[in-house]
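The next block holds one structure in the form of structure tokens; read it before the comments.
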Amino acid sequence: MKLRIVPFVLSAVATALLLFGGWMLYKQFAVVSPFQKSIGQVEGVASANAPTIDQDHVSVQVTLEPDAKLKDVYENIAKEGKDAIGNRELQLDITNAVPSGQLDKVWSSVLFDVAEAMEKKNYSEIPNALQKAAAANAGVRYETALDDNNVYITLKDDTSTKYVVLPRVPAQLEVSTYA
């Protein structure tokens, strides 16, 4: 029995195109498009771009409304996109959050205290540190929120906003048998 190479290769290529093309169409129209549409309907979101879905992360670019609550937006996006996100980490890229030099200065002044509070899991120290920094810098306001997974920090002044989402579970070092 003699196999013909050309029909065999063409058949294999056509099969691969159908399988991978079908998978890409499914991913675009059954997963990404409905997720993007639902993000645009979340309260506090002015606009959203198509999410980027990787192996470990789902990244979403959003523009928030001025009075948006970061925790509510994050939780609603996670709830609406539960099927698309799965067990991946949700990352928000907030496009209209361009902090001023003053907000960057305030954040860098409290960064050590916030990191220490996160490490010790003493989350009540975060608002205290932010309150001291806001009192020392006129016009700076802050909001904090907490849920089971993250700590949400919003710093505002008269012209700009800085949003920070900190995971409550830090990356754990794994023990290897090859160490």
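The values are calculated or read from the model by the stated rules, or taken from the named source; none is laboratory data. Just so it is clear, the structure is predicted and the values come from calculations on it, not from any experiment. Heads up, the Cβs are rebuilt from the backbone with ideal geometry, glycines too, and the neighbour counts pull from every protein chain shown. These accessible areas exclude ligands, DNA and RNA; they are computed on the full protein's heavy atoms, side chains included. Shrake-Rupley method; radii C 1.70, N 1.55, O 1.52, S 1.80 Å.
Condition test on Leu64, is it within 28 Å of Thr159 (Cα to Cα) and within 13 Å of the chain's Cα centre (by Cα)? So Leu64 fails the test. Restricting the range 137-179 to residues that are more than 19 Å from Ala115 (Cβ to Cβ) and of a type in the set (A, V, I, L, M) leaves a set whose member that is modelled with the highest pLDDT is Val140. For the range 1-34, a tally of residues being hydrophobic (A, V, I, L, M, F, W, C) and either farther than 30 Å from Thr52 by Cβ or exposed (fewer than 10 other Cβ atoms within 10 Å of the Cβ) (or both) returns 8.
Hey, does the range 74-90 have a residue that's open to solvent by less than 40 Å² (accessible area, probe 1.4 Å), at pLDDT below 85 and assigned to a helix (DSSP H, G or I)? Yes, some residue in the range 74-90 is open to solvent by less than 40 Å² (accessible area, probe 1.4 Å), at pLDDT below 85 and assigned to a helix (DSSP H, G or I). When the range 95-106 is filtered for residues that are open to solvent by 30 Å² or more (accessible area, probe 1.4 Å) and under 27 Å from His57 (Cβ atoms), the ones remaining, listed by number, are Thr95, Asn96, Val98, Pro99, Asp104.
The rows are residues; the columns are (1) out of contact with any helix residue (DSSP H, G or I) (no Cβ under 6 Å at 6 or more places or on another chain); (2) open to solvent by 70 Å² or more (accessible area, probe 1.4 Å); (3) in a loop (DSSP other than H, G, I, E, B).
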| position | (1), (2), (3) |
| --- | --- |
| Asp93 | yes, no, no |
| Met118 | yes, no, no |
| Lys132 | yes, yes, no |
| Thr154 | no, no, no |
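Taking the condition crowded, with 20+ Cβ neighbours inside 10 Å, touching a residue at least 24 places away in the same chain (Cβ under 8 Å), not small (Gly, Ala, Ser) and not in a loop (DSSP other than H, G, I, E, B), does Val114 pass? Spelling it out, Val114 is indeed crowded, with 20+ Cβ neighbours inside 10 Å, touching a residue at least 24 places away in the same chain (Cβ under 8 Å), not small (Gly, Ala, Ser) and not in a loop (DSSP other than H, G, I, E, B).
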